[in-house]
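Notes follow once the structure below has been shown.
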Amino acid sequence: GNTFQSTFQGDFSISFWMKPDDGQPGSRKVMVGSAEGSTDIVRISLESSGGIAIRFKADNDVSTYTTDAAVYANGAGAWKHIFITVNYNSGSDTSFKIYVNGSETAGTLTNATTHTKHALFESTKNLYIGAYNSNGSVANAFDGKIKDVAIFGSYKKNLWADSEPTSGGAAVNE
């Protein structure tokens, strides 16, 4: 396992393919996530609305960036490539972008993490794939498949994998 603490203290990007069993689940489902108590959190989730969200909290300073429109309809979903960038802006607030199948998707930022707090992100908890590591316990497990997860310690511009997986993918929570 890995906490990715130093990665999350600066610019970072996360890329993966996902195929949910239900594109609009009854409650939030987490594809990638961990929490260090209630002060430091990284969580990428499929919301009950079908939207994708990233929640980043560093030293108790929280941001949530959520797609404005549903990425998935209700029911079984198709494979989609999700690419999220988190930009540590020295001197200003952290910024976010969510790309779906190579296209930037409009989103709304709720609250903002300052550059000072962003750099103070700390975690001793391993990052989970397919669920949320809530202080060592699995929470909000994703129902479906996830494939080709990549985490970059830099701000990437739309790293788009243009070919849909034809097979495989780790089944999560089946």
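Some notes on this structure:
- Taking every alpha-carbon pair under 8 Å whose residues sit at least 6 apart, the chain reaches a relative contact order of 33 percent.
- Whole-number accessible area per residue in Å² for the range 1-64, which is evaluated in the context of all protein chains at 1.4 Å: 30
- Per-residue HN-Hα couplings for the range 88-99 [Karplus 6.51, -1.76, 1.60; θ = phi - 60°; Hz; x = Gly/Pro]: 6, 9, 4, x, 8, 6, 4, 10, 9, 9, 10, 10
- Residues Asp143, Asp21, sorted by accessible area with the largest first, give Asp21, Asp143 [1.4 Å probe; ligands and nucleic acids excluded].
- Extension gain for Ser103-Thr124 works out to 4.2 nm (0.36 nm per residue, less the C-alpha to C-alpha distance).
- Calculated P(r) over Cα pairs in 5 Å bins from 0, in percent (choose from (1) 1, 7, 16, 14, 12, 10, 9, 8, 7, 6, 4, 3, 2, 1, 0, 0; (2) 2, 11, 21, 26, 22, 12, 4, 1, 0; (3) 2, 9, 18, 23, 22, 15, 7, 2, 0), label: (3)
- Pairs exceeding 24 Å between alpha-carbon atoms, taken from Lys57/Lys145; Lys29/Lys117; Lys117/Lys145; Lys19/Lys97; Lys57/Lys80: Lys57/Lys145; Lys29/Lys117; Lys117/Lys145; Lys57/Lys80.
- Heavy-atom accessible area for Thr108, with the other protein chains in place and a 1.4 Å probe, reaches approximately 70 Å².
- Point-charge dipole on Cβ atoms (K/R +1, D/E -1) for the range 1-61, about Cα centre, debye to 20: 200
- Dipole magnitude for the range 39-129: computed about the Cα centre from +1 point charges on Lys and Arg Cβ and -1 point charges on Asp and Glu Cβ, it is near 200 debye.
- Two-site label geometry, Asn60 and Val138: point separation in nm, points 7 Å out along Cα→Cβ: 3.3
The values are calculated or read from the model by the stated rules, or taken from the named source; none is laboratory data. Just so it is clear, the structure is predicted and the values come from calculations on it, not from any experiment. Glycine also receives a Cβ, built like all others from the backbone with ideal geometry; neighbour counts cover every protein chain displayed. These accessible areas exclude ligands, DNA and RNA; they are computed on the full protein's heavy atoms, side chains included. Shrake-Rupley method; radii C 1.70, N 1.55, O 1.52, S 1.80 Å.
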